[in-house]
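The values are calculated or read from the model by the stated rules, or taken from the named source; none is laboratory data. These numbers come from a predicted model, not from an experiment. Heads up, the Cβs are rebuilt from the backbone with ideal geometry, glycines too, and the neighbour counts pull from every protein chain shown.
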Amino acid sequence: MTNPHLARKAAENLKNLRSKKPLIHNITNFVVMNYTANALLACGASPVMAHAHEEVEEMVSFAGALVLNIGTLTPYWIESMIKAGKKANALNVPIILDPVGSGATKLRTDSAKRLIDELSITVVRGNASEVLSLAQKDSKTKGVDSLHSVDDAADAAIYLAKELDTTLAITGAVDLVTDGERIHRISNGHELMGCITGTGCTATALIGAFLAVDTDPVEATSTSLAFFGLAGEQAASKTKTPGSFQIALLDALFSIEKKQLEDGAKISVS
Amino acid sequence: MTNPHLARKAAENLKNLRSKKPLIHNITNFVVMNYTANALLACGASPVMAHAHEEVEEMVSFAGALVLNIGTLTPYWIESMIKAGKKANALNVPIILDPVGSGATKLRTDSAKRLIDELSITVVRGNASEVLSLAQKDSKTKGVDSLHSVDDAADAAIYLAKELDTTLAITGAVDLVTDGERIHRISNGHELMGCITGTGCTATALIGAFLAVDTDPVEATSTSLAFFGLAGEQAASKTKTPGSFQIALLDALFSIEKKQLEDGAKISVS
Amino acid sequence: MTNPHLARKAAENLKNLRSKKPLIHNITNFVVMNYTANALLACGASPVMAHAHEEVEEMVSFAGALVLNIGTLTPYWIESMIKAGKKANALNVPIILDPVGSGATKLRTDSAKRLIDELSITVVRGNASEVLSLAQKDSKTKGVDSLHSVDDAADAAIYLAKELDTTLAITGAVDLVTDGERIHRISNGHELMGCITGTGCTATALIGAFLAVDTDPVEATSTSLAFFGLAGEQAASKTKTPGSFQIALLDALFSIEKKQLEDGAKISVS
């Protein structure tokens, strides 16, 4: 079921990440800054958090990827993201967007859509309701409020990826990744990942890290989600409670060997 | 000594929290955002952190409780709290206030008093000096600077609860909860809870979670403090150092069964 | 090799820190606020984070040291640091500066230099490139871009400490502390400390704590770095992965006895 090419690619990406240690520029929310910085360090990347209008363009020029996350956003932070994103686009630095809470409040939905309109975003990662909230008013994906699972969302996601001209990652029990043509499903992971804060944000940051070493957005995204999901499985084999799970997850991101990832990645292509 | 009704109520509240998973809207300080989000998740609630003026009213309309915490405050954040609080009052969403550092600086004291003046606050939780700093200039509770223990503060707290028309929770070695009529004392807890940052803020957030499932402010507060204190006791039975204690505390919030809580809650009524 | 006076001084400083529990006022970055607060608590200090212009002067007046850290800075935060710093200078409260990312962006370099120009800073701690970026345009330390190790940087640091009239701590595999006259080298530590976020920021905060109990800046800095490095060694004896290392490090800061520190401190004088 697992695609052998993608399993090998996952291992290769992890190896390159650990040897190249790319700088990942994060403009992200207050809740997860510490944890995502530690997750990026654990897997071999070099995180930096910077949001001042005066420095985001300079900072992103050193980066292998730009991670934009709209949790705890205010208008100042959206401007930071626009500034950094335009510079990233000019320099061909890939951008990944996490539309945290899009669909829940007007500010979040409008901000996520504005970022997609004004920037060329390489990958968008969210849960089904967040991602599908990004559809335009007259989109074929309207009416998605009734979609509750990744499977229900697959058809809508394919249309939406084409409409937005980006790669979409809808994460859940099974993750779906599509650029509107290719569809990957990743079945790594563990339900305890939903019991700690910022797991989705961490997934987004790790996709950023993989984008810095893999120019194929669909493959970079699928392989990073398989890696993160496998780390969740390993952590859950150590503990069944969320405090210690959170720590074991960081340990696993650091410890997983590329052979383990090649053997454990569960990515299917349809 | 423990009140049997309150022990049962604690277990019932925990059960309802885990089944209903209420959204708890937090406008809180930067230091504790991650930890309180994880604590709320561990006990079954659904945390959200949002402070933008553009979205706080919308966000709080989905919430079962609003948690206001004035640590690391600036004027922008106080306005966020006022906006969210007014909407919460209009919708009958309970508000809990943590006056972090009130009494230490004029900004903190004035901000805490302004929130109490302009909003209808269901519960205020702090240590003795923070809570008693909220007394009005001509209050009978003046002169409380000499009060150093929860016991010393009991009489002052009763007057102050009536004066402010709210429920007060003064936490310490023994916690005191009063609405000016009823007085509950909670003797769960462990001294290691004072060796990690944000324990008080976490207690406040958990009171918010219990308020979302229990309309009696005094009982919601007492039972949540008993639950949190019991989690501290369980964590301290695993480790005696603060790093691992912090993690074991999250684990305990997730693991405690309602029967354990009913048996372990130490809430007395006087 | 280890200087016996400094080993005893380290133990004495730790003892005084734990008995006096000085308030340490931090104006620091969002990523590390929680971790540094926990580290300060673990070693016996009382941390407070406060950055509002309305309260920083009042807050610093209660403090034993002021910690300024320019990670995730914006202009508002720099003004907070200037305000708090001027008050600290007026009250003879020691200031320690962590010029996070100085040399990487113009905003960071300019801000670090402005803080040094406008304030009397007791200690500056950073890695070699951060510290050496603080040299003036016509400095003898120019051309330091080729310096990659603490050893390479020693001569430059001595000149720079005199030029800036402060104590410099350049941390790395071996830490270097100099006021332009005395030179201390601290060889405690473990490479896993580089695998978690905020280790440098935590070192800075702990130097702040030691400055609150030791009026000799060079000795306060050396002894705190030996203490922190020893904690890293103890943590690394428990675990080899970064998630659990981060927790074990807090545990060690709490557990190390003064006799252990006296025996384990590796501070040489040259």
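I'd like to check something: does region A:14-25 contain any residue that is hydroxyl-bearing (Ser, Thr, Tyr), in contact with a Ser or Thr (Cβ under 7 Å, 6 or more places away or on another chain) and either on the phi < 0 side of the Ramachandran plot or touching a residue at least 60 places away in the same chain (Cβ under 8 Å) (or both)? Reasoning before the result, please.
Taking region A:14-25 as the starting set, the residues that turn out to be hydroxyl-bearing (Ser, Thr, Tyr) are A:19.
Going one step further and asking which of them are in contact with a Ser or Thr (Cβ under 7 Å, 6 or more places away or on another chain), we end up with none.
There is no residue in region A:14-25 that is hydroxyl-bearing (Ser, Thr, Tyr), in contact with a Ser or Thr (Cβ under 7 Å, 6 or more places away or on another chain) and either on the phi < 0 side of the Ramachandran plot or touching a residue at least 60 places away in the same chain (Cβ under 8 Å) (or both).
Okay, residues lined up against (1) in contact with a Gly (Cβ under 9 Å, 6 or more places away or on another chain); (2) farther than 26 Å from residue A:256 by Cα; (3) of a type in the set (Gly, Ala, Ser); (4) at pLDDT 95 or above:
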site: A:19; (1), (2), (3), (4): yes, no, yes, yes
site: A:37; (1), (2), (3), (4): yes, no, yes, yes
site: A:47; (1), (2), (3), (4): no, no, no, yes
site: A:54; (1), (2), (3), (4): no, yes, no, yes
site: A:57; (1), (2), (3), (4): no, yes, no, yes
site: A:88; (1), (2), (3), (4): no, yes, yes, yes
site: A:93; (1), (2), (3), (4): yes, yes, no, yes
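Does residue C:30 qualify as being touching a strand residue (DSSP E or B) at 6+ places or on another chain (Cβ under 8 Å) and either under 28 Å from residue A:35 (Cα atoms) or crowded, with 21+ Cβ neighbours inside 10 Å (or both)? Yes; evaluated as a whole, the condition is true for this residue. If you go through region B:23-67 and keep only what is more than 11 Å from chain A (Cβ to nearest Cβ) and over 30 Å from residue A:247 (Cβ atoms), you end up with just B:66.
Regarding region B:226-240, can at least one residue be identified that is more than 17 Å from residue B:3 (Cβ to Cβ), of a type outside the set (Gly, Ala, Ser), crowded, with 24+ Cβ neighbours inside 10 Å and at pLDDT 95 or above?
Step one: list which residues in region B:226-240 are more than 17 Å from residue B:3 (Cβ to Cβ), which gives B:228, B:231-240.
After this cut, where a residue has to be of a type outside the set (Gly, Ala, Ser) as well, the list is B:228, B:233-234, B:238-240.
Next, only the ones that are crowded, with 24+ Cβ neighbours inside 10 Å stay: B:228.
Pick out the ones that are also at pLDDT 95 or above and you get B:228.
For region B:226-240, residues more than 17 Å from residue B:3 (Cβ to Cβ), of a type outside the set (Gly, Ala, Ser), crowded, with 24+ Cβ neighbours inside 10 Å and at pLDDT 95 or above: present.
Just the residues that are assigned to a helix (DSSP H, G or I), surrounded by fewer than 18 Cβ atoms within 10 Å (Cβ to Cβ) and within 14 Å of chain C (Cβ to nearest Cβ), please, taken from region A:247-259. Within region A:247-259, just A:255 meets the criteria. If you check B:115, B:73 for being touching a residue at least 40 places away in the same chain (Cβ under 8 Å), crowded, with 24+ Cβ neighbours inside 10 Å and touching a helix residue (DSSP H, G or I) at 6+ places or on another chain (Cβ under 7 Å), only one passes: B:73.
Considering only region A:177-190, I want to know if a residue exists there that is among the β-branched types (Val, Ile, Thr), away from chain C (no Cβ under 14 Å) and in contact with a His (Cβ under 8 Å, 6 or more places away or on another chain). Please lay out each step first, then the result.
So the first thing to find is which residues in region A:177-190 are among the β-branched types (Val, Ile, Thr), and the list is A:177-178, A:183, A:186.
If we keep only those that are away from chain C (no Cβ under 14 Å) as well, we get A:177-178, A:183, A:186.
Still in the running and in contact with a His (Cβ under 8 Å, 6 or more places away or on another chain): A:177-178.
Yes, region A:177-190 has at least one match.
Test residue C:198 against the criterion of being small (Gly, Ala, Ser), within 22 Å of residue C:101 (Cα to Cα) and more than 12 Å from the chain's Cα centre (by Cα), and give yes or no. Taking the combined requirement at face value, the residue does not satisfy it. The residues in region C:191-246 that are in a helix (DSSP H, G or I), more than 26 Å from residue C:166 (Cα to Cα) and polar (S, T, N, Q) can be counted, and the count is 3.
Looking at A:192, A:132, which is the one that is at pLDDT below 95 and over 15 Å from the mean Cα position of the chain (by Cα)? It would help to see each step written out before you state the result.
Values: A:192 fails: at pLDDT below 95.
Among A:192, A:132, only A:132 is at pLDDT below 95 and over 15 Å from the mean Cα position of the chain (by Cα).
May I ask you to verify whether residue A:20 is more than 10 Å from every other protein chain (Cβ to nearest Cβ), farther than 20 Å from residue A:118 by Cα and over 15 Å from the mean Cα position of the chain (by Cα)? Yes: the conditions hold for residue A:20. When residue B:196 is tested against the conditions (1) more than 14 Å from chain A (Cβ to nearest Cβ); (2) in contact with a Pro (Cβ under 7 Å, 6 or more places away or on another chain), the lone failure is (1). Of all the residues in region A:92-104, those that are away from chain B (no Cβ under 12 Å) and part of a loop (DSSP other than H, G, I, E, B) number 4. Take the conditions (1) more than 30 Å from residue A:35 (Cβ to Cβ); (2) facing chain B (nearest Cβ under 7 Å); (3) under 17 Å from the mean Cα position of the chain (by Cα); residue C:13 misses just one of them, which is (2).
Have a look at B:194, B:200, B:189 and point out the one that is surrounded by fewer than 24 Cβ atoms within 10 Å (Cβ to Cβ), under 30 Å from residue C:231 (Cα atoms) and in contact (Cβ under 8 Å) with a residue 24 or more places away in the chain. Spell out the reasoning first.
Values: B:194 fails: in contact (Cβ under 8 Å) with a residue 24 or more places away in the chain; B:189 fails: surrounded by fewer than 24 Cβ atoms within 10 Å (Cβ to Cβ).
After ruling out the rest, the residue left standing is B:200.
Considering region B:168-177, and only residues there that are in contact with a Ser or Thr (Cβ under 7 Å, 6 or more places away or on another chain) and either in contact (Cβ under 8 Å) with a residue 40 or more places away in the chain or surrounded by 24 or more Cβ atoms within 10 Å (Cβ to Cβ) (or both), the residue that is farthest from residue B:263 (Cα to Cα) turns out to be B:168.
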